[in-house]
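Engineer: For reference, the structure I am asking about is given below.
The values are calculated or read from the model by the stated rules, or taken from the named source; none is laboratory data. Because the structure is a prediction, the values reported are computed rather than measured. Counting neighbours? That spans all protein chains shown, and the Cβs are built from the backbone with ideal geometry, glycine included.
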Amino acid sequence: MVLYSEFRSQKDLEAYQRHPEHIRVAEFIEKVREERRVVDYTLELTASRRIRSLLLSRQTVVSPGVYDAASAKLFVRIPRCVIQCSGYGMAVSACLTDESELTLEHNLEVTRRIVSSVQTPVVADGQDGYGGTDQTAETVRQFVEAAWRDQPGRSRPPRGSGHHGGEDDREA
């Protein structure tokens, strides 16, 4: 017999373990089992998982547009918050006359600073891909690299993300 359970938090797991019905069943299983194996693990709550969880909660998600690390920090204490980088805001703060003047390099640097300054999930603003359809994949790769560069213990995106140093996950 195998019992597989998933819980949203450590607190939920602890509540389950103390639940009277769980205790009753556990006492019965203890009497009839031959052996026991337990595997506990915690999934890392990555930014993408936090965003997915927020969206699936069906509660209002606050997504303020920010243009630098300081403006991002203004919103980190808001519950259910996802920081949205604003290309227009970045352009205005750089005294540019039009958002189209914002270079990819400038946007990447500001986005990297925002990501490294907050624990809140951040959505980047890649404008129009900085060069059309031919450049879009490379733009996305650079944003992923910029976001991961300063994350503790990680020097590059995880395998399977499709964005790790130009390597391709697809079979040849």
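Residues are listed down the side, and each one gets a yes or a no for (1) modelled with pLDDT under 80; (2) outside any helix (DSSP H, G or I); (3) acidic (Asp, Glu):
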{"position": "Val25", "(1), (2), (3)": "no, no, no"}
{"position": "Lys31", "(1), (2), (3)": "no, no, no"}
{"position": "Asp40", "(1), (2), (3)": "yes, yes, yes"}
{"position": "Leu43", "(1), (2), (3)": "yes, yes, no"}
{"position": "Ser48", "(1), (2), (3)": "yes, no, no"}
{"position": "Leu54", "(1), (2), (3)": "no, no, no"}
{"position": "Arg58", "(1), (2), (3)": "no, yes, no"}
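Engineer: Moving on. Could you list, in sequence order, the residues of region 1-23 that are closer than 27 Å to Ser53 by Cα and in a helix (DSSP H, G or I)?
Structural biologist: Matches in region 1-23: Gln10, Lys11, Asp12, Leu13, Glu14, Ala15, Tyr16, Gln17, Arg18, His22.
Engineer: Next question, about the same structure. Yes or no: Gln135 in a helix (DSSP H, G or I), touching a Gly at 6+ places or on another chain (Cβ under 6 Å), polar (S, T, N, Q) and at pLDDT below 85?
Structural biologist: For Gln135, the condition - in a helix (DSSP H, G or I), touching a Gly at 6+ places or on another chain (Cβ under 6 Å), polar (S, T, N, Q) and at pLDDT below 85 - is met.
Engineer: May I pose another question? Condition first: within 16 Å of the chain's Cα centre (by Cα) and surrounded by 15 or more Cβ atoms within 10 Å (Cβ to Cβ). Can you find one or more residues in region 87-100 that meet it?
Structural biologist: no
Engineer: Can you tell me which residues in region 74-110 are closer than 25 Å to Arg58 by Cα and not β-branched (Val, Ile, Thr)?
Structural biologist: Listed by number, the residues that qualify are Leu74, Phe75, Arg77, Pro79, Arg80, Cys81, Gln84, Cys85, Ser86.
Engineer: In region 101-116, how many are touching a residue at least 24 places away in the same chain (Cβ under 8 Å), buried (at least 19 other Cβ atoms within 10 Å of the Cβ) and either closer than 21 Å to Ser48 by Cβ or under 14 Å from the mean Cα position of the chain (by Cα) (or both)?
Structural biologist: Number of matching residues: 6.
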